[in-house]
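*Asks:* Can you keep this structure in mind? I'll have questions shortly.
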Amino acid sequence: MITRHEAYDLSQRNTFGMRVSCRLYVEVTEPEDLLTLDLESLPQPLFVMGGGSNLLFTGDFPGTVLHLANQGHTVLPGPEADASGLLVRVAAGVVFDDFCAWAAQEGLWGPENLSLIPGEVGASAVQNIGAYGVEAKDIIETVHAFDLQDRRFVDIPGADCGYGYRTSLFKTAWKGRYIITAVTFHLSTVPQPKLDYGGVRKALEARWREEGIGSETLRSQSDLRPSHKWAPPSNVPRVAQVSDPIPSSLSPQMIRDTIIGIRRTKLPDPEEVGSAGSFFCNPVISREHFERIVAIAKEENGPDYEVPHYEVGDQVKVPAAWMIDQCGFKGMRLGGAQVYPKQPLVIVNASGDATPDEIVALERRVIDTIKDKYGIELHPEVEHV
Ligand code: EPU
């Protein structure tokens, strides 16, 4: 089914809560309907939207916003499924966290660390969403899409999608070419806990104790990915122990609940305050540049101060949240826009009626201040439309 709405109010369709509209809003519930839709006749430009959770409308949109609202998932039968896992094809319009909840309920491993990330499945494959040491690309087998250029449905292996940190070819070289209709994820029936990011292990151990499940201590596993982990302040690398046991009662549901708990303490509740999650990407800089930042930090915070960071090959990733915090932006307001006090990487619509101009002005102030102080140009993660 295809539904069309002229001069459509988008305020309920973007998690930032920007009060903007588009000339035409088209919702498609069956991917096959895309074949009957005369896309060229629609007011241009065309913008394909998912859950509206990672974008900032900078004003009224002059063209067509198209949303694919298909639902449902299918566990794929046949040779793809094996003893250690299975493939599940999930419609693009499914809320990503509903998929996470389903997987956890079924005892399937893979997306549990991505719990509570706002947005829909289609967008997760564009943005390569990530949290707590896991990225969507880690579980994406195939992306199913409608090719607007050749007007046909295609299946693109995840390995060909050019995935990187919060990016893919759908955001770059292929921008505007495909409408994602579904994503096939591979999930594991064999435990694959990823606990080494930030406070996950600690929070899980606390939950473990609280619930009196046992006295087992969660330790590093050989399959953990230290590449996703911020270096601890002491800079002492954690060495994964191949022989460490996985507590037998550890379930994806337990990890999901723990991640939800952590997110709720740090990130704004979308029901209460509008935002688009992390507003900026974490920058990667040269080692020499990092040393200059360390010198500034030590001068300001004392000689023993350690800058949180993570080594990426011969470069260094520095948390943008740390820099924004160091520049005193936590809680700063500009009109209705605010740097979220508990996680300064997030800009929120604090008043509920912040304008796009106020958000952009605060973004500009953060970018300019960080550039002046650290010589780093922050790039927004949030797509500006
Ligand atoms: N930090 C501070 N002050 C603060 C907050 C953080 O100094 O007030 C420093 C701390 O050293 C902390 C570091 O910043 O260790 C990193 O913070 P955090 O672990 O919260 O993660 P992040 O790098 O700020 C990224 C993702 C989040 C994701 C978390 C957890 C990006 C752009 N953001 O944030 O993703 O939830 O890691 O995995 O990579 C999102 O994409 O919308 C999102 C929320």
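*Asks:* Compare the peptides 11-24, 85-98 by average per-residue count of other Cβ atoms within 10 angstrom and give them in order, highest first. Working shown, then result.
*Replies:* On the way: 11-24: 19.7, 85-98: 21.3.
Packing order, densest peptide first, comes out as 85-98, 11-24.
*Asks:* Could you report the chain's accessible area per residue, 1.4 Å probe, as an integer in Å²?
*Replies:* On the way: 17610 Å² over 385 residues.
Using a 1.4 Å probe on heavy atoms only, each residue of the chain averages 46 Å².
*Asks:* Tell me, what are the semi-axes, in whole angstrom and largest first, of the equivalent ellipsoid of the range 265-385 as set by the roots of 5 times the Cα gyration tensor eigenvalues? Before the final figure, lay out the partial values.
*Replies:* On the way: eigenvalues 144, 41, 35 Å².
Largest first, the range 265-385 gives 27, 14, 13 Å.
*Asks:* Could you check the spin-label model distance between GLU299 and GLU210? Points 7 Å from the Cα along Cα→Cβ, value in nm.
*Replies:* So the label points at GLU299 and GLU210 sit 4.3 nm apart.
*Asks:* Okay, next question. So, by mean Cβ neighbours within 10 angstrom, what's the order for 271-278, 316-323 with the highest one leading?
*Replies:* On the way: 271-278: 19.2, 316-323: 21.0.
In descending order of packing, they fall as 316-323, 271-278.
*Asks:* Throw me the Rg/Rh for the range 2-68, computed over C-alpha atoms with Kirkwood Rh, two decimals.
*Replies:* On the way: Rg = 11.5 Å, Rh = 12.1 Å.
Result: Rg/Rh = 0.95.
*Asks:* Just to make sure I understand: if all protein chains stay in place, what is the order of LEU35, LEU108, LEU116 by accessible area at 1.4 Å, largest first?
*Replies:* Working: LEU35 90, LEU108 10, LEU116 55 Å².
I get LEU35, LEU116, LEU108, largest accessible area first.
*Asks:* Cα gyration tensor of the chain, axes a ≥ b ≥ c as square roots of the eigenvalues: rounded (a/c below 1.5), prolate (a/b > b/c) or oblate? Walk me through the numbers on the way to the answer.
*Replies:* Values: a/c = 1.81, a/b = 1.14, b/c = 1.59.
Here the chain falls in the oblate category.
*Asks:* Once you sort the root eigenvalues of the Cα gyration tensor of the range 44-157 as a ≥ b ≥ c, which label holds: rounded (a/c under 1.5), prolate (a/b larger than b/c) or oblate (the other case)?
*Replies:* Values: a/c = 2.36, a/b = 1.48, b/c = 1.59.
The shape class here is oblate.
*Asks:* Okay, moving on. How many angstrom separate the Cα center of the range 172-205 from the Cα center of the range 255-323?
*Replies:* First find each Cα centre; the distance between them is then 20 Å.
*Asks:* For the range 86-145 and the range 1-72, what is the separation of their C-alpha centers, rounded to whole Å?
*Replies:* 22
*Asks:* Counting Lys and Arg as +1 and Asp and Glu as -1, each charge on the Cβ, what is the dipole of the chain about the Cα centre in debye, to the nearest 20?
*Replies:* Values: 36 positive and 52 negative charges, 159 e Å.
Computed about the Cα centre, the dipole is about 760 debye.
*Asks:* Among 47-59, 290-302, what's the highest-first ranking by average C-beta atoms within 10 angstrom per residue?
*Replies:* 47-59, 290-302
*Asks:* Okay, next question. Can you give me the distance in nm between label points at GLN149 and SER188, each placed 7 Å from the Cα along the Cα-to-Cβ direction?
*Replies:* Simple spin-label model gives 3.6 nm for this pair.
*Asks:* Could I ask something else about it? Using +1 at the Cβ of each Lys and Arg and -1 at the Cβ of each Asp and Glu in the chain, identify which of ALA295, PRO268, ILE370 lies farthest towards the dipole's positive end.
*Replies:* The listed residue farthest towards the positive side: ALA295.
*Asks:* In addition: Explain nothing, just the number: dipole magnitude of the range 2-68 about its Cα centre with +1 on each Lys and Arg Cβ and -1 on each Asp and Glu Cβ, in debye rounded to the nearest 20.
*Replies:* 360
*Asks:* Let me ask something additional. What distance in nm separates the two pseudo spin-label positions at TYR165 and GLU377, each 7 Å out from Cα along the beta-carbon direction?
*Replies:* 1.7
*Asks:* First compute the accessible area of the chain with a 1.4 Å probe, then give the percent of it belonging to carbon and sulfur atoms.
*Replies:* Details: 8790 of 17610 Å².
So the carbon and sulfur contribution to the accessible surface is 50 percent.
*Asks:* Sticking with this one: Starting from the Cα of LYS194, draw a straight line to each of the lysines and keep only those under 17 Å, dropping any in the same chain fewer than 8 residues away.
*Replies:* LYS137, LYS202, LYS229
*Asks:* Next up: Can you return the lysines within cross-link range of LYS373? Criterion is Cα-Cα under 24 Å, with same-chain partners fewer than 8 residues away left out.
*Replies:* Here the lysines satisfying the reach criterion relative to LYS373 are LYS298, LYS317, LYS330, LYS342.
*Asks:* Moving on. Roughly how many debye, to the nearest 20, is the charge dipole of the range 1-160 about its Cα centre, given +1 on each Lys and Arg Cβ, -1 on each Asp and Glu Cβ, and no other charges?
*Replies:* Once rounded to the nearest 20, the dipole reads 480 debye.
*Asks:* Taking 0.36 nm per residue of sequence separation and subtracting the Cα-Cα distance, how much length would be gained by fully extending the chain between THR3 and ASP314, in nm to one decimal? Intermediate values should be presented prior to the final figure.
*Replies:* Details: separation 311, 0.36 × 311 = 111.96 nm, distance 5.11 nm.
The THR3-ASP314 span can extend by a further 106.8 nm.
*Asks:* Between THR74 and LEU37, what's the calculated FRET efficiency when r is the beta-carbon distance and R0 is 35 Å? Round to 0.05.
*Replies:* Details: r = 24 Å, r/R0 = 0.68.
Computed FRET efficiency for THR74 and LEU37 comes out at 0.90.
The values are calculated or read from the model by the stated rules, or taken from the named source; none is laboratory data. None of these values were measured; they are calculated from a predicted model. With ideal geometry, Cβ positions are generated from the backbone for all residues, glycine too; neighbour counts draw on all protein chains shown. Calculation scope for accessible area: heavy atoms of the full protein, side chains included, ligands and nucleic acids excluded. Shrake-Rupley method; radii C 1.70, N 1.55, O 1.52, S 1.80 Å.
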